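Worksheet: one structure, shown below.
The values are calculated or read from the model by the stated rules, or taken from the named source; none is laboratory data. What you are looking at is a predicted structure, and each value in this text was computed from that prediction instead of being measured. No Cβ is skipped: glycine too gets one built from the backbone with ideal geometry, and neighbour counts run over all protein chains shown. Quick note on the areas: whole protein, heavy atoms, side chains included, nothing else; ligands and nucleic acids left out. Shrake-Rupley method; radii C 1.70, N 1.55, O 1.52, S 1.80 Å.
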Amino acid sequence: MSGPYKGALFSASSYDADNGMFPLAYDLFSSKNYEDWLWFLEKLKMVIGERDVIIIFDRHQGIIHSVSEVFGSENHAHCYRHIKENFSSFLTKLNTKGRKVKENALQMLDSIAYARLDCDYEVAMDTLRTFNHDLAKWVKENNPQHWAISKFKKMRWDKMTSNLAESFNSWLRHEQHHNICVFFIEHMDKLGSLLVEHKNGLVKWNGCIGPKIEEKIALNIGKSENYITYLHLGSSMKESNGKAFLEVDLMERTCTCKAWQMFGIQCDHACVVIR
Ligand SMILES: [Zn+2]
């Protein structure tokens, strides 16, 4: 907050059915220590109830401890943007020469983070290890089970960063300059307008899927056009994209690429099997 009373604005937002921002809760604190986070997260938990939710956050010590206490450490996905920034600082400390070398190392980190299968993760790790042993050691020591897709076992809808928090901050950018009472009133006003806008937007939906999600499915259907499918056993089918065999189970709604179960919408492999 930058108004006359200062203070820190804490917020929690989730994604709505069309991948948009849905503000859940916020509060104002005089500091940002462990106790403040714990209080905020405990109140958030009361709102969420027993639902199994994934918290995407950076890994500041106060946050790590309070998230694991309230939601369990296995539900804490570390924001990949922060991980990448820390990796980049480590690269600078290692004194790696040249911009191109740094770019390559960051791309290798992307391959590690976004690999869906364990075997792809291992290949990406080997590539990084060959490139620079210290960088691979850094990855191992920085809890990839909290940020690499293949290592994080819970449903995170493929969300990698806490960018939604930035969206919330920028949504209330002007209001943060005002005093706290005015801020509360302006927030209520803005939230009301946002919800009405979302409700009116629903009229334009073709079914129960929002336009942004529909676009993603259309993209996956397009990508699936050149694949070859083989009948396998039971409800499952094998399909080949020319490089590997993947198994899609229509009844279980899974694919060995893990995209269907992780994102909640059919991957390109599932699309070809359904077609
Ligand atoms: Zn798939």
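Observations
- Stretch gain in nm, segment Lys216-Leu195, where the contour uses 0.36 nm per residue and the Cα spacing is subtracted: 5.2 nm
- The lysines whose alpha-carbon is closer than 25 Å to the alpha-carbon of Lys93, local same-chain residues fewer than 8 away aside, are Lys84, Lys102, Lys137, Lys140.
- Distance between the range 10-43 and the range 113-162 - C-alpha centres, whole angstrom: 27
- Protein accessible area in the chain, 1.4 Å probe - carbon and sulfur %: 56
- For the chain, the membrane-span-like helices by this rule, meaning whole DSSP H stretches whose C-alpha atoms cover at least 24 Å of axis and whose Kyte-Doolittle mean is 0.0 or above, are 180-202; this says nothing about an actual membrane.
- log10 of Debye I(q)/I(0), alpha-carbon scatterers only, for the chain at 0.12, 0.13 Å⁻¹: -0.95, -1.08
- For the range 68-173, the dipole from Cβ point charges (+1 on Lys and Arg, -1 on Asp and Glu) about the Cα centre works out to 320 debye, to the nearest 20.
- Links that overshoot a 24 Å alpha carbon limit, given the list Lys100/Lys223; Lys212/Lys258; Lys45/Lys216: Lys100/Lys223; Lys45/Lys216
- Each of Val248, His133, Tyr227 was scored by the projection of its Cα onto the charge dipole of the chain, and the greatest displacement toward the positive side belongs to His133; charges sit on the C-beta of Lys, Arg, Asp and Glu.
- Under conditions of 4 °C and 1.567 mPa s, the range 112-175 yields 96 µm² s⁻¹ as its translational diffusion coefficient, taking Rh as the Kirkwood radius over Cα pairs in the Stokes-Einstein equation.
- Debye intensity ratio I(q)/I(0), log10, the range 80-146, q values 0.27 Å⁻¹ (C-alpha model): -1.41
- Percent RCO, i.e. relative contact order, over the chain, from Cα pairs under 8 Å lying at least 6 residues apart: 17
- Solvent-accessible area per residue for the chain (1.4 angstrom probe, square angstrom): 58
- Cα gyration tensor shape of the range 33-120, rounded if a/c is under 1.5, else prolate or oblate by comparing a/b with b/c: oblate
- The dipole here belongs to the chain: it is taken about the Cα centre, uses +1 on the Cβ of Lys and Arg and -1 on the Cβ of Asp and Glu, and is about 700 debye.
- Take every Cα pair under 8 Å whose residues are at least 6 apart in sequence, average their separation, divide by the length of the range 80-146, and the relative contact order is 24 percent.
- Per-residue ellipticity at 222 nm from helix content only, as computed over the chain with -39500 (n - 2.57) for each DSSP H run of at least four residues, stands at -15500 deg cm²/dmol.
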